[in-house]
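Student: Sharing a structure here in structure tokens format.
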Amino acid sequence: MANLDHLALLKSGAVRWTKWRENSPEISPDLSYADLRGINLRGRNLSNANLANANLNKAILIAANFEGANLAFASLSQSLLIEANLIAANLSIANLSAAHLKGACLQKANLIGASLQAANLSNAELEGVNLIRANLGGANLKNANLSEAKLMRANLSEANLTEAHLNYANLSNANLGSASLIGAMLYKAELCQANLNSAYLHNAYLFGANLSQAKLMNADLRWANLRGANLTSANLTGANLRGAIHNNINEAI
């Protein structure tokens, strides 16, 4: 449970909170299980805080610092986390459905099993993030950086990944059905057994990607760069490969 003194300080205002954090850097605030629905914590320093199981639904957390914080099992549905710092934060099993994370930094964050359904992560920094089994169905990840991200068995169905960076990302067994990956960078991405049925991969860069046993039925691969890609046992039934380039051959398929 939350430390009542820490909770009172948090609610006393930004000035007192900031002064306390500056004077007591050795203390990690304990706000676990706290009911913080709708609270305005814009720009607050919550680095290394314990917010496990906290309720932050619809909270205003714009540009807040959560670096290294524990937000496991926390609920942040519809919260505003625009340009927030969540570097190395623990958000495992957290509920971030419909949260606004545009421009947020989540590098090396733990989001295993998190719910990010319909969340806005456009322009977010997600390099090296752990999203194994996370639910990103319908999420907006346009221009997001997901390089080296772990997305095994993640649900990205109908997600917007237009011009996203997924270089070296692991998307094995991920569900990308009907997702938009137009112009996305997937250099040497791992897509073994991924579901890309009806996905939009127009002009995507898949150089050296592993698409073995991937499902690409009715996928739009027009003008995609598939040089060096592994398509062993991939199902391309009904796929549109007009203008696509494959296997180090400068000839359109």
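What follows draws every value from the coordinates through simple rules; no lab data is involved. Computed from a predicted model, the values in this text were never measured in an experiment. All Cβ positions, even for glycine, are placed from backbone atoms using ideal geometry, and neighbour counts span all protein chains on display.
Student: If you line up the long axis of helix 14-23 against the longest principal axis of the chain, both from Cα atoms, how many degrees apart are they, to the nearest 10?
Tutor: Orientation of helix 14-23: about 90 degrees from the principal axis.
Student: Let me ask you something else. So which aspartates and glutamates pass the test for K19, namely a Cα distance under 15 Å, with those fewer than 8 places away in the same chain ruled out?
Tutor: Partners within reach: D5.
Student: How big is segment 64-125 on each of its three principal axes, counting only the C-alpha atoms and giving the largest first in Å?
Tutor: Principal extents (Cα only, largest first): 21, 19, 16 Å.
Student: Counting only helical runs of four or more DSSP H residues, what would the 222 nm mean residue ellipticity of the chain come to if each run contributes -39,500 (n - 2.57) and the total is spread over all its residues?
Tutor: Working: 2 runs with 18 residues, N = 253.
Counting only the DSSP helices, I get -2000 deg cm²/dmol.
Student: For the chain, report the convex hull volume of the alpha-carbon atoms normalised per residue, in Å³, without decimals. Intermediate results must be reported in sequence, preceding the final value.
Tutor: Working: hull volume 22.0 nm³, N = 253.
That works out to 87 Å³ per residue.
Student: N140's amide H: which non-local residues (gap 5+, or another chain) put their own amide H closer than 5 Å, with H modeled 1.01 Å from N in plane and none for Pro or chain starts?
Tutor: A119, N120, L121, N160
Student: Enter the mean projected area of the convex hull around the alpha-carbon atoms of segment 1-110, in nm², rounded to one decimal.
Tutor: Values: hull surface 22.8 nm².
Value for segment 1-110: 5.7 nm².
Student: Using the basic label-point model (7 angstrom from Cα toward the beta carbon), what is the N23 to N218 distance in nanometres?
Tutor: Output for this residue pair reads 6.4 nm.
Student: Next question, about the same structure. Could you tell me which of A189, Q78, L101 has its Cα farthest along the dipole of the chain towards the positive end, charges placed at Cβ (Lys, Arg +1; Asp, Glu -1), taken about the Cα centre?
Tutor: Checked the options; the winner is Q78.
Student: Taking only the Cα atoms of segment 54-158, how large is their convex hull per residue, in Å³?
Tutor: Numbers: hull volume 6.6 nm³, N = 105.
Cα-based convex hull of segment 54-158, divided per residue, equals 63 Å³.
Student: Taking the chain as a Gaussian network, Cα atoms linked when under 10 Å apart, which of L96, L36, L121 shows the biggest mean-square fluctuation?
Tutor: L36
Student: Could you tell me how many cubic angstrom of Cα convex hull volume segment 146-205 has per residue?
Tutor: Values: hull volume 3.3 nm³, N = 60.
Residue-normalised Cα hull volume stands at 55 Å³.
Student: Please build a GNM for the chain, connecting alpha carbons under 10 Å apart, and tell me which residue among A84, A229, A149 fluctuates the most.
Tutor: Comparing A84, A229, A149 in a Gaussian network model of the chain, the most mobile one is A229.
Student: Then there's this: Based on alpha-carbon centroids, what's the gap between segment 29-77 and segment 159-186 in Å, whole number please?
Tutor: Here the answer is 29 Å between Cα centres.
Student: Could you list, in their original order, any pairs among K188/K215; K11/K108; K150/K188; K108/K215 whose Cα atoms are separated by more than 25 Å?
Tutor: Values: K188/K215 18 Å; K11/K108 29 Å; K150/K188 13 Å; K108/K215 29 Å.
Violating the 25 Å limit, Cα to Cα: K11/K108; K108/K215.
Student: Now, a different point. Taking only C-alpha pairs under 8 Å that are 6+ residues apart, what is the relative contact order of segment 1-82 in percent? Kindly include the intermediate steps, with their values, before the conclusion.
Tutor: Values: 182 pairs, mean separation 20.7, N = 82.
With pairs under 8 Å counted, the relative contact order is 25 percent.
Student: If I build a Gaussian network model for the chain, linking alpha-carbon pairs within less than 10 angstrom, which residue out of G183, G128, G228 has the largest mean-square fluctuation?
Tutor: G228
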